Structures are given as C-alpha cells and as structure tokens.
Amino acid sequence: MTRTGRKSWRQWTPAAIAAGAVGAAALVAPFSANAAVDLPDKTAAEVLALVQEKDVAAFSGTVEQTSNLGLPDLSALDAAGGGNGSPNDDDGGDTSPASAAMELVTGSHTAQVYVNGPDQSRLQVLDQLEERNVIRNGDELWYYNSDENEALHATLGDHEKPDGGTQAPHDLAAHFLEKVDPSTEVTVGSDRMVAGRAVYDLILTPRSAETLVGSVTVAVDGETGLPLGVAVAAAGSSDPAFSSAFTDISYEAPDESLFAFTPPDGATVTEVDPKDHQRGEHTHKETAEAEKPTVIGEGWDAVVVVPAGQQQIPEELAQLSTPVDGGQLLSTTLVNVLLADDGRVLAGSVTVERLQAVAAGQ
Amino acid sequence: MSSKTLSSSTASRKSVGWRFLGSELSVLFRRRRTWALLAALAAIPVLIAVAVKLSSGPPRGRGPAFLDQVSQNGLFVAVVATIVAIPLFLPLTVGVVAGDTVAGEASTGTLRYLLMSPVARGRLLAVKYAGAVVFCLAATFTVGSVGTLMGALLFPVGPVTTLSGTTIDVTESLVRIALVCLYVTLSLLGLCAVGLFMSTLTDVPVGAMAATVVASVVSQVVGQLPQLEWIHPWLLTHYWLGFADLLRDPVVWDSFAANAVLQAGYIVVFGALAYGRFSTKDVLA
C-alpha cells in the first residue's frame, strides 16, 4: 500500500511542478509588467493639459478592443451561421454600413494603428482570416475589406477632414475629453502601465443622473500625453462595458509604404463622393451623425434624434428591441435606442425615461 | 532532444540518443500507415483543386475562406487546403501518430526490449516525441506542397493578394506558404504532447489515439462557446487559425509568438505528466 502510495506521488510530482511553474509564469507575467509605476503626481487639470499639449506626430501600435454591451456578439452570430465562410454575405444584409458599424462596436477586435502626422493614418482591423483597412494618405481615403475584396475610395477636399479618425484609443479619448465641462467630475487614478508605458488614469465621472455612463477612464501616457486607452463603465458597474487600449506602442514614424494603397486586381472599387453620401465613413460608429440628425441636450445627456426614414435599423437589431411607451427600445449597457412609433430614431447614453421625454417633447 | 548532461558518458549517450532518433524515424516512415496518413492529407488539396477546376468556381463568400480565389491563383490551393485540414484532418493524423508512440510499443510487446537498451526512460520519451514532431512537420508540408503543386498544375500562378489588399510576388508567396506550414506545425506540438501523455496511460494504442483526437475536438468546441470566453486563451486550439496573420502585409507576428508560448506551456505540462507516468510505469508486456 505504501509502495503504491509513494509511487503515485512520485508519478505526478514532475507534472505538478511543471503545471505550477506554467501557472505561476502566466500569473506573474502581467503583474511584473505592472510593477512599480510611480509618475510625478499631477492634478487632473495638469493631466488634461498634458493631453492637450501633446506633441506626438507619429506612432504605431496594436489596439485591443472589447465590449460587453449586453448585446449578442453579431460577429459571432455571423460566424456561427456559416462555419468558415459567411454565407449571409449573399443577402447583402451584413454589408450595410449600419450593421458593419454595429459589428465593429460590439465585437472584440484587434487592430493595428499607424499614424504619421495629421494626414497619414491607417487602421488595420485584424479579423480571423479577414482584414479591413481604413487608410488615409493625404487627400486619399481608402477602405478595403478582404472578405468582400471590395475597396471604397474617396478624395478629400482641402477643408474636409474625416471626423473620428482611426477610432483608436487616442481618437476615442478626444471624443470623451471634449465632454469635460462642469457636468463632469475629473479625478486622477493611480498610476499604472499600459502597453509598457507608465500612464496617468484620468477618470471622468458624469454628474448627471440621467446618463447610463458610470465613468470613463482615459489612460494618458505620462511622458508623451497620448491617450493609450479608454474604458467606459456603465453606471453602477465597475467592470468596463467597453474598452479600447493599446497593447503595444512605438513612437517611431511608421514606414511610408504602409500608407500607400493600390486596390488589388479583381477588387470591386467604388468611388465615393465624401460630400454626397459619407459612405466612405461607414466604418465609423457615428453613422447616425453622418445623416445630419439633430442633437438635443448637451454633454452626457445628449440625445441624437434622427428624422423618420433616414436611418435604417438592421433587422437583427430590430428583433432585439422590446416594446415600451412610444415605440420600441433597444437597450444596451451604455446606449439606449428608441425606435419611436412615428419613425424617428432617438439614441443616447441616457435612460429610457429621458429618451421618452425627448420624444414626447418634440 | 533532451540535453541532460551526465558528465561521464555524455558523448556516447548523445550519440545513442541520435541513433535512437534515427531508428525511430526510419521505423515511423517505413510504416505503411504513416504513408497512408500522409496520402490522405495529400488528397485534400488534390480534391479541392480538382473540384474547383471542374466547377465554374464558387461565388464569393461561400465555402472556406480564399476558395473563390483559387481559380485565379493556384497558390491559394495550399492555403485553402490548410484551412480545411486544420480542424479535423491534421489533429486526426497527429493523434494517430502521437497516441501510438508508447502504447503501440507496449501493445506489441517491444517496449520491454526498448527499455533494455542503455537508454533512459526520459530519453526514450523525448525521442518518441521528436518522432511525432517530425511527423507533424511532414504532415503540414505535405498539405502545403501538394497544394502548391496542384495549384500550379491546374491554375494560373501569379502574384498573390494579401489580406491587406497589397500584392506580393510568387517567391514571397511561397515563403509565406512555408511560414504557414511552420505555424501549423507549431500549433500541433501541444497536441503531440497530449498524445504522448495519453499514450503512456494505456497499452491500447487506439484508446490513446481516440483520446488525443477527442482532446482537440473538445478544445475547439469549447472555443466556440462565448460563455466560456475566460478559458479561451488557455485552449490548445486557440491560435490554430491565427496563421492568417502571416498573410497580412506587413506580417503580424503576435499570434505566432503567442501560439509558441501557449504550445510550450502544453509541452511542459503534458511532457512532465508523461514523464512522471512513464518513468514509474511497470512495463509488463
């Protein structure tokens, strides 16, 4: 009995040690990266100034984006429907700008970002076995989708700057930092590491009771002032519902050739007039804004109202809505969308009651 | 290969180890079964190429990724065949070879004779594992090279469009295909270690083979369940389709590195399990 007992002990010892070592390495690695970050103390205003005065012309890096909006992962639905391929592509359903935008916002994505000065940028979304690129090179704006082998091209005029940029953390952060006004409490969290850089955490907490946003955390590179990460938590929750952050970053100017794009042979190339339809912008999530909707309210309580008939809601989203007073409600942890009975679409990071009040008030 | 240094007779032991590996490989590649497995893998690109040649070409967006590009560029046969082979065919063949390593010898009664030769059990295990790794390499390069050949025979070959929309010339494309094969080989190393461990548990090779294949299937099924997302980065199969990063421009190496770390973890844990089990195993048959 003792012999077998000793044997079974001896038998599994190496495995136990190996498993322990692998587990320890896996646990320690992220911690050691976080170890000992101590930046000079700064007030919130000083960190904000650091962001505003940043002088970063060129950088490149990898961005990880995850979101947990309480919506089903539309990309997963698509993949589950057809194994390796995406048979739904035939329906034309998921190529609509709105649903492409939704897919970008809801799923988890890894992307490479290259920025060289104000006129050259490239966002490379690395999907499994596919890739989407948004490339801006001077006046040229390209969108390329490898799955469809489809390219969109737009030539920008002098005064037309694509808003939203690359949708990478630095652009998202700018969007939130614009909102900093008396309705926002700004504090500085503890220093930590993001993408191997020591960062200040700038925490924006809305003072409004009507918004769904609990807090927005912007990680600001302590040295360069470039926002390296954005995390948005819903009210009453500490886990971020949406986060987008660099996992590695380099401040060296990316190679010039990265911004040169020639559509490959056989690709469908569509010329887009940016003034005409803004279709080239369709990877950006604010598609609704491209339709010139009206905005009611300010800051965190802002509600976007899209006139009837201007915004097509993808069918898969409409199916997820629930009936409420005055229309159908599409509810996520960070955004509520009211499909009003009169055809208008109201959206905002606000409570249902506020949406209904705005709908009734007009 | 193991690099234990036993100062007195390192050189001779080393040469015994290499000789042992040589004989292991010659036994493995002289088996009719090994060639049957490789032939079955080679049939995948052949079938794909012939099917695409005979049909008018599938519409965009149907079937495995890149299938629609095969008729324009034969080099894609290798890539499509690799995508098709990864979920089941490659793990199946690797499971057969890795599951057979120790259990096969035990079932035919030759394990006893192997252990009589002046070879430590750990070294025997390492040689067996190395043999299975060489088979992985042979398996993935069979799919890749037969795919390239069939593509070149039946379709025009030209510059390849990467996922990023840029174009790379034929030589660069062949390098990328070879890199994909290496990536897939790397992806299978963890499964090999699992198979080796399973093989030390039983004297019935079929059991070890089945258990290894089941391990890869279960891992892929779990990888499909969003409810178990927290476990996904730990799964054996997590990066299996990540080879597409090698078809981008510029090449993204992140998944290659992450995959290497993950597979190394599996090799260490299951290698240790196999060693613990095998070094104390009573070899009766």
Open item on the list: Return the residues of the range A:336-359 that are surrounded by fewer than 17 Cβ atoms within 10 Å (Cβ to Cβ) and either over 12 Å from A:Val303 (Cβ atoms) or modelled with pLDDT under 85 (or both); say none if nothing qualifies.
Closed with: A:Asp341, A:Asp342, A:Gly343
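Could you pull out the residue among B:Val52, B:Val102, B:Val97 that is among the aliphatic types (A, V, I, L, M), buried (at least 18 other Cβ atoms within 10 Å of the Cβ), in contact (Cβ under 8 Å) with a residue 12 or more places away in the chain and closer than 26 Å to B:Pro156 by Cβ?
B:Val52
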TODO: Under 8 Å between Cβ atoms, at least 6 apart or on separate chains: pull out the pairs that start in the range A:334-357 with a residue that is not assigned by TED's automatic domain parsing to the domain that holds A:Gly236 and end on any residue that is of a type in the set (Asp, Glu).
DONE: A:Gly348/A:Asp301; A:Val350/A:Glu210; A:Val350/A:Asp301; A:Thr351/A:Glu210; A:Glu353/A:Glu210; A:Arg354/A:Glu210; A:Arg354/A:Asp301; A:Gln356/A:Asp325
Task: Subset tally (residues that are touching a residue at least 24 places away in the same chain (Cβ under 8 Å) and hydroxyl-bearing (Ser, Thr, Tyr)) for the range B:207-236 - done: 2
Task: the range B:176-187 residues that are within 13 Å of B:Ala257 (Cβ to Cβ), paired with ones that are of a type in the set (Asp, Glu) (beta carbon under 9 Å, 6 or more apart) - done: B:Tyr183/B:Asp245
- [ ] Could you please tell me which pairs satisfy a Cβ distance under 8 Å, a separation of 6+ or placement on different chains, a first residue in the range B:24-35 that is in contact (Cβ under 8 Å) with a residue 60 or more places away in the chain, and a second residue that is outside any helix (DSSP H, G or I)?
- [x] none
Task: Subset tally (residues that are surrounded by fewer than 19 Cβ atoms within 10 Å (Cβ to Cβ) and under 19 Å from B:Ser255 (Cα atoms)) for the range A:128-156 - done: 2
Task: Members of the range A:227-239 that are touching a residue at least 40 places away in the same chain (Cβ under 8 Å), closer than 13 Å to A:Val213 by Cα and over 12 Å from the mean Cα position of the chain (by Cα) - done: A:Ala234, A:Ser237, A:Asp239
- [ ] Filter the range B:160-175 down to the residues that are assigned to a helix (DSSP H, G or I) and touching a Leu at 6+ places or on another chain (Cβ under 9 Å), then identify the one that is surrounded by the most Cβ atoms within 10 Å (Cβ to Cβ).
- [x] B:Ser173
Task: Single match in A:Ala219, A:Ala253 (criterion: small (Gly, Ala, Ser), within 18 Å of A:Ser121 (Cβ to Cβ) and at pLDDT 90 or above) - done: A:Ala253
TODO: Just name the residue that is farthest from the other protein chains (Cβ to nearest Cβ) out of those in the range B:246-255 that are under 20 Å from A:Asp248 (Cα atoms) and not in a loop (DSSP other than H, G, I, E, B).
DONE: B:Leu246
- [ ] Residue by residue through the range B:231-240, note down the ones that are more than 15 Å from the chain's Cα centre (by Cα) and within 11 Å of chain A (Cβ to nearest Cβ).
- [x] B:His232, B:Pro233, B:Trp234
Open item on the list: Can you say whether B:Ala258 is touching a residue at least 12 places away in the same chain (Cβ under 8 Å) and facing chain A (nearest Cβ under 9 Å), as far as the supplied structure shows?
Closed with: no
Task: Filtered residue count, the range A:177-189, keeping only those that are of a type outside the set (A, V, I, L, M) and at pLDDT 85 or above - done: 4
Task: Subset of the range A:177-199 [within 19 Å of the chain's Cα centre (by Cα) and either charged (D, E, K, R) or under 22 Å from A:Asp248 (Cα atoms) (or both)] - done: A:Glu178, A:Lys179, A:Val194, A:Ala195
- [ ] Go over the candidates A:Thr333, A:Thr287, A:Thr322 one by one and state the one that is modelled with pLDDT under 85, under 20 Å from A:Leu172 (Cβ atoms) and β-branched (Val, Ile, Thr).
- [x] A:Thr287
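Among strands (runs of 3 or more DSSP E) lying entirely in the range A:116-226, which contain 1 or more residues that are aromatic (Phe, Trp, Tyr) and within 14 Å of chain B (Cβ to nearest Cβ)?
A:140-145
With respect to B:Phe243, is the statement that it is in a helix (DSSP H, G or I) and within 12 Å of another protein chain (Cβ to nearest Cβ) true?
Yes, satisfied.
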TODO: Kindly indicate whether B:Thr212 is modelled with pLDDT of 95 or more and under 12 Å from the mean Cα position of the chain (by Cα).
DONE: no
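For the range A:232-275, enumerate the residues that are among the aliphatic types (A, V, I, L, M), assigned to a strand (DSSP E or B) and within 13 Å of another protein chain (Cβ to nearest Cβ).
The answer is A:Val269, and nothing else.
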TODO: Would you mind listing the helices (runs of 4 or more DSSP H) fully within the range B:37-122 where at least 2 residues are within 12 Å of chain A (Cβ to nearest Cβ) and under 22 Å from B:Gly144 (Cα atoms)?
DONE: B:76-85
TODO: Would you please list the contacts, defined by Cβ atoms under 6 Å and residues six or more apart or on different chains, that run from a residue in the range B:265-283 that is more than 8 Å from every other protein chain (Cβ to nearest Cβ) to a residue that is surrounded by fewer than 20 Cβ atoms within 10 Å (Cβ to Cβ) and outside any helix (DSSP H, G or I)?
DONE: none
Open item on the list: Can you tell me which condition B:Leu228 does not meet? The list is (1) surrounded by fewer than 21 Cβ atoms within 10 Å (Cβ to Cβ); (2) of a type outside the set (S, T, N, Q); (3) under 20 Å from B:Phe197 (Cβ atoms); (4) away from chain A (no Cβ under 12 Å), and all the others hold.
Closed with: (3)
Task: Residue check for A:Asp255: surrounded by fewer than 17 Cβ atoms within 10 Å (Cβ to Cβ), in the same structural domain as A:Arg122 (by TED's automatic domain parsing) and free of Cβ contacts under 8 Å to residues at least 12 places away in the same chain - done: yes
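The values are calculated or read from the model by the stated rules, or taken from the named source; none is laboratory data. On a predicted model such as this, the values are computed, not experimentally measured, just so you know. Positions of Cβ are generated from backbone atoms using ideal geometry, with glycine treated the same way; all protein chains shown enter the neighbour counts.
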